[in-house]
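Take a look at the structure below.
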Amino acid sequence: TRVAPSFHLGLNVSECVFCGQCVRVCPTGALTEKSHISRVLEALADPDKVVVAQIAPAVPATLQNKAEAPSVRATLERMAGALKRIGFRAVFDTAFTADLTIMEEVSELIHRVQTGGVLPMMTSCSPGWVQFVELHHPELIPHMSTCKSPQQMAGALIKEVYPRYLGIDRSKLVCVSVMPCTAKKFEAHDQGDVDFVLTTREFEQLLERHGMSLDRCTDRVPLDPPFSEATGAGRLFGGTGGVMEAAIRTAVHMLTGADMKNGPKISEVRGLDGLKTLSLEVGGAALNFAVVNGLGRVKPLIDPIAAGQSNLHFIEVMTCPGGCIGGGGQPLETDMKAVQERLERLYDTDRRSRNRTSHSNEEVQSLYATMLGRPLGEVSHHLLHRKYIDRRKEL
């Protein structure tokens, strides 16, 4: 038996979007992601390198049960402690740049709505979805938000800010991401802001190589500034509907100057339904939103957009069922029951958070005041936004 992409093309020239679901469900274990563990260990052993990490919000939500920890936050801080014992200099929270993504993305959406820009705008956080558009529907590229994903925003900021903070040359810094997603490996290689990506599975393997496990690593270490604070909205990014819920909370504030009257929870975009829609009257404008849970459910939205018949303004698409918590880099025993449990942990973390809107993140506010200026400004555009290509021309 030969396991290969369609028509036995090489993976690099196939129409694969690198979501990794085939790896997660392969019944024989014949498929695996390309491991970065050895290269990370080489960097850690190099005295001329400073190795730092960022952790995506879906990973501690996944590992909380294995860590036997009381909360997602406790699991995240245990992960930080374990990584520092291994030799990582600093550990940052990718949920911080999830909040930053909302500031840029919502500003972009409002700009498009108010100036007659291309609508509906589509999220750009899920690299499998981005690869799908570039490979299969490049005509949709004008609809894509130009924001980098939170992983890439974090990588760009870490490499811009942290070497100056330490007083070292940028070339000495190695940025490692801990992600629930195999497509993040391709995204990092393609965009260049992150050096190595470890999936959730690889993170556990890295600990095992050092004789460690999260249930025994009980020391909680705070994450490192200046990318350590995250709101409940930023943590919701790990699940389907989370980007949309965070975006609506901030869109209401940007358009009206006040937070949502009935509280930040938006039940209409929560849960594991394949397609969720919501219409809101915000600041005198009627806005229509849609959430797509899993790449296989996106086609019914594509045809009306191509025909110019869609009344939607903003669409969230996550490649994997359940979102990042069901990603291709997650534990192999992941099923929909586990995905639901992880989603509930994200909701619980949001509910318990002191700040639940991305615009209330004080570190994000400070970053704009001291470095970025304003959302969609010249500096933020350079660091936090991207371009797309028609990949069909490469096949």
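What to note about this one:
- Max mean-square fluctuation residue, GNM over the chain, Cα-Cα springs under 10 Å, options LEU278, LEU63, LEU384: LEU278
- Centre-to-centre, using Cα atoms only, region 2-80 and region 112-174 are separated by 20 Å.
- Gyration tensor (alpha-carbon) shape descriptor, region 1-132, a/c threshold 1.5: oblate
- Approximate spin-label separation VAL161-SER279, in nm, with each point projected 7 Å along Cα-to-Cβ: 4.1
- Surface per residue (accessible, 1.4 Å probe) for region 246-395, Å²: 50
- Diffusion coefficient, µm² s⁻¹, Stokes-Einstein with Kirkwood Rh over alpha-carbon pairs of region 1-70 at 10 °C and 1.306 mPa s: 100
- Inter-part distance where region 304-372 and region 176-225 are each reduced to a Cα centre, Å: 19
- Here the dipole of region 245-395 is about 100 debye; that uses its Cα centre as origin and unit charges on the Cβ of Lys and Arg (positive) and Asp and Glu (negative).
- Cα centre as origin, Lys/Arg/Asp/Glu Cβ charges: the chain dipole, Debye: 360
- Accessible surface, per residue, of region 1-108 when the full set of protein chains is kept, probe 1.4 Å, Å²: 43
- GNM result for the chain, Cα springs below 10 Å: residue of LEU207, LEU166, LEU76 fluctuating most strongly: LEU166
- Sorting the segments 129-139, 361-371 by their residues' average number of neighbouring beta-carbon atoms within 10 angstrom, most packed first, yields 129-139, 361-371.
- What a 1.4 Å probe finds exposed on the chain is 51% carbon and sulfur by accessible area, rounded to a whole percent.
- Scattering curve values for region 216-304, log₁₀ I(q)/I(0), Debye with Cα scatterers, q = 0.11, 0.17, 0.22 Å⁻¹: -0.43, -0.83, -1.11
- Largest GNM mean-square fluctuation across ALA30, ALA233, ALA43, computed for the chain with C-alpha springs under 10 Å, falls on ALA30.
- FRET efficiency, 1/(1 + (r/R0)^6) with R0 25 Å, evaluated for MET212 and ILE168 via beta carbons: 0.35
The values are calculated or read from the model by the stated rules, or taken from the named source; none is laboratory data. Since the model is a prediction, treat every value here as computed from it, not as a measurement. No Cβ is skipped: glycine too gets one built from the backbone with ideal geometry, and neighbour counts run over all protein chains shown. Note: accessible area is taken over every heavy atom of the protein model, side chains too, but ligands, DNA and RNA are not part of it. Shrake-Rupley method; radii C 1.70, N 1.55, O 1.52, S 1.80 Å.
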